[in-house]
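The values are calculated or read from the model by the stated rules, or taken from the named source; none is laboratory data. Values in this document were obtained by computation on a predicted structure and should not be read as measured data. Here the Cβ is made from the backbone with ideal geometry for all residues, glycine too, and neighbour counts use every protein chain on show. Calculation scope for accessible area: heavy atoms of the full protein, side chains included, ligands and nucleic acids excluded. Shrake-Rupley method; radii C 1.70, N 1.55, O 1.52, S 1.80 Å.
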Amino acid sequence: MNNSISFKIIKIKDLLISLLIIMLFLMLIIFSNSSFYCARKGIELFLYNVVPSIFPFLVLSNILINSNILNIIQKLFNPIIKKIFNLPGIASISIVLGLVSGYPIGAKITADLYSKNLINKEEAERLLAFTNNSGPLFIISFVGISLFNDTKTGVLLLFTHIISAILIGIILGILSRKKNIRLDDFNISENTSNLSFSEIIVNSVKNSVNTILTIGGFIIFFSVIISILSSGHFFYFITKPFEYIFSLLGISSNLLIPIFQGIIELTNGISFVANTNLPYIYIVSACAFLLGFGGLSIYMQLHAVIINTNLSTKKYLLCKLFHGILASIFTYLLIKYTPFFNLDALPTYTKPVTNMQTVIQANELNLFLDIISLCFIFCVFWKMYELNKEKSK
């Protein structure tokens, strides 16, 4: 009897998914003009914003994980990371690069560390929950400078974003201690690659290209999905039940549709939120929530990089929701009680129109500084790699 019910549920589920796909396909044909425009916009966002800010970090993280530098990192950071997050020192790669790069670098590094048996399943799932974050380049350049025409807004959002992520990591570490979860001692030398440095670089670039193309595919696909749903007035109907809750909180319901759009695809959603004609404090707090939560597109990017592992995403989803709520609360309080961040008090403040050329110009200086920083880091790690190789001989 139970098997029969389960079979019927599966059949209904398959039928609903099939109907949804057919409906989306028909809507894609009906709203082909707007879908084409949004797909092109998604490609522009991917090429001019995502690739420059994420690709160098993908290559660097692959080089780190496949080289003998892991031994040095483990010994150097083990006391600090163990004390703060109850994680092994090797997890510092995922924590640091996850905070300074952007989605989905933290998840990719965590999946690589787990695949190489450098961290266990519980540690990997905890790392996923707080290291998969928006990057400084995206928050300051795109959100702050391009959307709000104000660097302070970008700095504020970056600060609350990082603080919220670290706080979640600390809480998860405390909870793991209470559960008496002990750290596993892994022999890193057995898990590092025996390839030459040139082979490591070649493999790292190849793997990074595959990952970045997957990310781009999701951004373009979900840009089109937002276009189809917006054209079909889907967001208007789905946000109706939430209008009463927002009215109780004293928040305008005009933010509802942009927030739901951001829950599907982060970059487009934040653009829509920033161009909403509402008080600055509500708009920026909504942006903080979306940056922390990430949305469906980011979640699918996460799935793409952990697909070959058995890692669960339940803890990740719960913590990302908590991350978004924490970041929005911190942002709201800082704007309300810190005049330095309150642009509503400045009569000269005007909301700019989002322009892709503005994003490129705003990113030029940041990209230049990133390239210099990456070159310096590369030289340091190369020297460390040579010294470590000489010692092993």
For this session: Rounded to the nearest 0.05, what FRET efficiency do T338 and F246 give with R0 = 25 Å and r taken as the Cβ-Cβ distance? Could you check?
Result: 0.50
For this session: Compute the distance in nm between two label points, each set 7 Å from the Cα along the Cα-to-Cβ direction, one at K206 and one at H303.
Result: 2.8
Exercise. Between region 139-176 and region 205-228, how many Å separate their Cα centres?
Worked result: 23
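Once R0 is set to 45 Å, what does the formula 1/(1 + (r/R0)^6) return for the Cβ-Cβ distance between K178 and A39, expressed as a FRET efficiency to the nearest 0.05? It would help to have the intermediate numbers written out before the result.
Numbers: r = 48 Å, r/R0 = 1.07.
Between K178 and A39 the formula returns 0.40.
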Seminar exercise, completed: Sorted by accessible surface (1.4 Å probe, heavy atoms of the protein chains only), largest first, V224, V205 come out as V205, V224
Seminar exercise, completed: Between the modelled labels at S198 and K82 (7 Å from Cα along Cα→Cβ) the distance in nm is 4.0
Exercise. Once the whole set of protein chains is in place, how much accessible area is left on D14, using a 1.4 Å probe, in Å² to the nearest 10?
Worked result: 80
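Top to bottom by accessible area (1.4 Å), largest first, where do L167, L229 land?
Details: L167 65, L229 25 Å².
Most to least solvent-accessible, the answer reads L167, L229.
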Problem set entry | Inter-probe distance in nm under a simple model that places probes 7 Å from Cα toward Cβ, at N120 and Y48 | 4.9
Seminar exercise, completed: Judged on accessible area alone, 1.4 Å probe, highest first, L158, L128 line up as L158, L128
